[in-house]
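The values are calculated or read from the model by the stated rules, or taken from the named source; none is laboratory data. Since the model is a prediction, treat every value here as computed from it, not as a measurement. No Cβ is skipped: glycine too gets one built from the backbone with ideal geometry, and neighbour counts run over all protein chains shown. For accessibility, only protein heavy atoms count, side chains too; no ligands or nucleic acids. Shrake-Rupley method; radii C 1.70, N 1.55, O 1.52, S 1.80 Å.
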Amino acid sequence: MATLIRSKLSNKLSNAATTVSNKSQAKVSGMFARMGFQAATNEEAVGFVDCDDLDYDHRQGMQMDILTTDEMGGEGSGDGGGLSGDSHYQRDGTGAPRSASKDGDLANELTEVKPKITAWEAGWNVTNAIQGMFVLGLPYAILHGGYLGLFLIIFAAVVCCYTGKILIACLYEENEDGQLVRVRESYVDIANACCAPRFPALGGHIVNVAQIIELVMTCILYVVVSGNLMYNSFPNMPISQKSWAIIATAALLPCAFLKNLKAVSKFSLLCTMAHFVINILVIAYCLSRARDWAWDKVKFYIDVKKFPISIGIIVFSYTSQIFLPSLEGNMSKPSEFHCMMNWTHIAACILKGLFALVAYLTWADTTKEVITDNLPSTIRAVVNLFLVAKALLSYPLPFFAAVEVFEKSFFNDGERTVFPDCYGGDGRLKSWGLSLRCLLVVFTLLMAIYVPHFALLMGLTGSLTGAGLCFLLPSLFHLRLLWRKLLWHQVFFDVAIFVIGGICSISGFIHSTEGLIEAFQENTQE
């Protein structure tokens, strides 16, 4: 009897100590989150892509064991914003997942409590995703679209906000009591559910391929914009744009050795704040020349050949659906997701429209692909140097996310992959796996050298993966999974978005591809 009493007391004391420890960790994590150091503070927010891939890896090849810090569940949901139940995932019988073993932080991974984020913090992540440095190409879209380009900025904001909401709706199903229950966790889960039962994994493969293409193209755009900005900042130096791209890639080569993003992610908040300052400087300069604005240059006329490329540019600047499922799953109040999407996209629409309009009015027909190249030489070099630093610091995030998706899809999935595991038994990356990473860096360089056109690459990416992930797939999945519960106007909206998105995607892809082929031929002849 005494032994039983001592055992119960020991268990209660252990549980109490664990709860206190987890609460303190949650408070510290919540403090850092409120300071801006939560996941995906970069404008592409690719940290949530990695979360999706990790969840997919566990569901496909591992059994998820839920570890609770309090058996009664009463104290684990207290203050600190921690996860309900303090749940973590681990491999069945093998401890922590591979990512934890590679870092050697096994104990920390098993005991760490991941705090929930508020609607404001979630909105900050979405804002970073859709207000990134690629808005610098929007004035160039107005050059070829005029007032219709401004309308598309508004239209894309409305559609992307709507498709983001219906994508989250696909994560839920009603239980026997008529209550909505979250039965899926990621974009990949939704895609697989739509293709089941005949092709249960086909949808996930399609989404993964689209993610890899978008992330790699984002890396290429960073190299292109770095070479472009440096060349236009120092035009008198005997260094070509291609040479600047090579120099930038040499600085990025250490990305192949990345094991995690802990060090790099610390710079994301600083990069984002610097970009907002740069946008303000550009707008301030444009306002100083308000008397010379060329209102007569903004027309309803469109360039039939180049306007489809502008559509891709606008769509690409709004891409955020790729990480929304993980973002909504990490919110402390998921019911506030719709409101958060509304105000973030309204703000983005207003800011993008004003930025694109005032920049185009200032330089009119001389507007360049990257608007900062139009600035006077006295301030252009300083602004461009900040942008180059931001691009180089942002490159590791999409690169690492693309590598993670690529490795887990083709090399880290046990017997389900054609290729062998690129990690050894001790969790270290094999030499040939490192070589593949280096080849990916070199591939981004080669693309940037042979097709050094920021607008064309951005338009192609937006037309191909941007329209697919933001327009086509969400509307298709919504119709496939919830068509019995949809009202007639919802069905109409989904079909209309799918048709319009398909037309824009095909048109933009054809014209962007033609432009890229012409640019490639010109560069090879040189």
Leu180 versus Glu518: modelled label distance in nm, points set 7 Å from Cα along the beta carbon direction = 4.7 nm
Ordered by residue, what ³J(HN,Hα) values in Hz, to whole numbers, does the range 126-142 give under the Karplus form 6.51 cos²θ - 1.76 cosθ + 1.60, where θ = phi - 60° and Gly and Pro are x?
-> 5, 4, 5, 6, 9, 10, x, 6, 6, 5, 5, x, 5, x, 5, 5, 5
With contacts defined as alpha carbon pairs under 8 Å and 6 or more residues apart, what's the relative contact order of the range 283-374 in percent?
-> 58 percent
Might you work out the accessible area of Lys430 for me, using a 1.4 Å probe with all protein chains in place, and round it to the nearest 10 Å²?
-> 80 Å²
Which residues does a label at Ser243 reach in the range 213-228, if reach means a backbone N under 19 Å from a point 7 Å past the Cα toward the Cβ?
-> 224-228
At a probe radius of 1.4 Å, what is the per-residue accessible area of His478, in Å² to the nearest 10?
-> 10 Å²
At a probe radius of 1.4 Å, what is the per-residue accessible area of Trp432, in Å² to the nearest 10?
-> 90 Å²
Pick out, from Ser326, Phe355, Phe307, the residue whose Cα sits farthest towards the positive end of the charge dipole of the range 279-360, with +1 on the Cβ of Lys and Arg and -1 on the Cβ of Asp and Glu.
-> Phe307
Top to bottom by accessible area (1.4 Å), largest first, where do Glu214, Glu176, Glu522 land?
-> Glu176, Glu522, Glu214
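How charged is the neighbourhood of Val383? Take every other residue with its Cβ under 12 Å from the Cβ of Val383, and add Lys/Arg as +1 and Asp/Glu as -1. If you can, show how the numbers build up before the last one.
Working: positive: Arg380, Lys390; negative: Asp373.
It works out to a net charge of +1.
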Given H placed on each backbone N at 1.01 Å, which residues far from Ile117 in sequence or on other chains put an amide H within less than 5 Å of it?
-> Met331, Ser332
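Which pairs, out of Lys165/Lys368; Lys305/Lys368; Lys305/Lys390; Lys165/Lys390; Lys242/Lys390; Lys297/Lys390, put more than 26 Å between their alpha-carbon atoms?
Numbers: Lys165/Lys368 35 Å; Lys305/Lys368 17 Å; Lys305/Lys390 32 Å; Lys165/Lys390 31 Å; Lys242/Lys390 19 Å; Lys297/Lys390 32 Å.
Correct reply: Lys165/Lys368; Lys305/Lys390; Lys165/Lys390; Lys297/Lys390.
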Accessible area in the full protein assembly, largest first, 1.4 Å probe, for Met273, Met217 = Met273, Met217
Counting Lys and Arg as +1 and Asp and Glu as -1, what is the net charge of the other residues whose Cβ lies under 15 Å from the Cβ of Gly149?
-> +2
Nearest-0.05 FRET efficiency for Ser288 and Phe257 at R0 = 45 Å, using Cβ-Cβ distance, is 0.50
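Heavy atoms only, 1.4 Å probe, whole protein assembly: order Leu439, Leu258 by accessible area, highest first. Could the numbers behind the result be given before it?
On the way: Leu439 110, Leu258 35 Å².
These residues rank, largest area first, as Leu439, Leu258.
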Once you list every other residue whose beta carbon is under 12 Å from the beta carbon of Phe257, what net charge do they have if Lys and Arg are +1 and Asp and Glu are -1?
-> +3
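Please report, in debye to the nearest 20, how large the charge dipole of the range 280-329 is about its Cα centre when each Lys and Arg carries +1 at its beta carbon and each Asp and Glu carries -1 there. Could the numbers behind the result be given before it?
On the way: 6 positive and 4 negative charges, 57 e Å.
With Lys and Arg at +1 and Asp and Glu at -1, about 280 debye.
Calculated FRET efficiency, Ile510 and His205, Cβ-Cβ r, R0 25 Å, to nearest 0.05?
Efficiency, rounded to the nearest 0.05: 0.50.
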